[in-house]
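None of the figures in this text is laboratory data; all of them are computed from the coordinates on show. Worth saying up front: this structure is predicted, and the values here are computed from it rather than measured.
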Amino acid sequence: MNIEGDATVEIRVEGLCKAFDDRPVLCGVDLDIRTGNFIAVVGGSGCGKTVLLSHLLGLLQPDSGRVLVTAPDQPGCPLVDLAGLAANDLDDIHTHWGVVFQRNALFSGTVLDNIGLWLEEVRHLGEADIAGIAAEVLAAVGLPTDRGFLDGRVDSLSGGMAKRIAIARALAMNPRCMFFDEPTTGLDPVTASQIQDLLLSTHGDPARGQQLRTTVVITHDKDLLYRLRPRIVMLHEGRVSFDGPFEAFETSDSPIIRPYFELMPVLHQRTAG
């Protein structure tokens, strides 16, 4: 089902509900993610952050409610209901998205194999073009671009380098939206700060002539929030309990927000375990 598009809305969540084994996880989530937003989705363990992300990506079907996303390949870029899309139409939308999973989801093989997979399968590019794009995105994430590195195996990389490869792979398709699931979990503080800065740089900078991407980050990382100061969306008991700027989130004395904010470092460490 297509509806008339709002030019500023990239993703719209309406009354989203989901339960597992009769246990409610999402209980009526309403959320507008606008084009160019940088959003951090936060909340206590089990609040539904990853379940929400899976719905945004079309990996789960709602029990009720719906997720509408912009369809860039259709005339007028309408908002379409993910649940109503055929598999090939969902695949078309996924080509405009980049996803970086918590554990990176790199497959065994070389750096070039990982970056080039979708360029070959979806865009049907040749080896020379793929190598050129691989060098470009590796440079964008601060990694070597020489042939030796491209031909190196990913299973020999450090955690920080593997994360950069995962981000480079997502960037290779020049996505309009980027989704990150716990991108700094398990990284040392120095590497985590580098990845935080990388998230900001991949979001885009209009001052440098770069168009802003839409970025959604699932995280418990308080340092990330301090450094990047994104729009905060907090889930609590299956609903959006806060949606606003980091400054208001940080200073809130809400009995829901304050305990969570203080506990964030502990939750971030637990997630790494």
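Centre-to-centre, using Cα atoms only, region 34-102 and region 242-273 are separated by 24 Å. DSSP beta bridges confined to the chain are antiparallel in about 60 percent of cases.
Can you give me the Rg/Rh ratio for region 158-254, using Cα atoms for both radii and the Kirkwood formula for Rh? The partial results should precede the final answer.
Values: Rg = 14.3 Å, Rh = 14.6 Å.
Rounded to two decimals, Rg/Rh equals 0.98.
Taking every alpha-carbon pair in region 111-177 and binning the separations at 10 Å intervals from zero gives 23, 59, 17, 0 percent. Helical content alone sets the calculated 222 nm signal of the chain at -11000 deg cm²/dmol, taking -39,500 (n - 2.57) per DSSP H segment of four or more residues and averaging over every residue. Take every DSSP beta bridge whose two residues both sit in region 136-264; close to 55 percent of them are antiparallel.
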